1. Short version: ³J(HN,Hα) in whole Hz for each residue of region 63-69, in order, from phi by Karplus 6.51 cos²θ - 1.76 cosθ + 1.60 (θ = phi - 60°), x for Gly and Pro, what are they?
2. Please give the contour-minus-distance gain from Leu86 to Ile65: 0.36 nm per residue of separation, less the Cα-Cα distance, rounded to one decimal in nm.
3. Determine the gain in length on full extension of the stretch Asn13-Leu72; use 0.36 nm per residue of separation and subtract their C-alpha separation, reporting nm with one decimal.
Amino acid sequence: MQILHKLKNRIVNFRVTDDELTLLKAASSLHGARCLSEFARAVMLGTAAGPAPGGDLDGDVVKKIQSLDSRLAAAESDLLRVINMLSSAGEVCRKT
């Protein structure tokens, strides 16, 4: 499906938690999207244009890959948080 570059003049809003936003930003970055809007649009349109549910093997594989992608992004986010905590703790130890 080719999406033409048309003026985007409609807005779709939905709320997310801080953790969900972190995951979305990480996933967006992992997929090489220019911005979060581009990533969200691609995912939503790709899902909407996908095959109807009902035992589609390719769809199952895509869902599993997306799930792994999401879990990897969460693990990456957790690892960065731990690294930052350890770095902060190291600075505190050096100051005392």
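1. Rounded to whole hertz, the list is 4, 5, 5, 5, 5, 5, 4.
2. Working: separation 21, 0.36 × 21 = 7.56 nm, distance 3.11 nm.
Contour length minus Cα-Cα distance gives 4.4 nm.
3. Working: separation 59, 0.36 × 59 = 21.24 nm, distance 2.57 nm.
Full extension of this stretch gives 18.7 nm more.
Every read-out reported here was derived from the displayed coordinates using simple, explicitly stated rules and does not represent laboratory data. Bear in mind that the values here come from a model prediction, so they are computed numbers and not experimental data.
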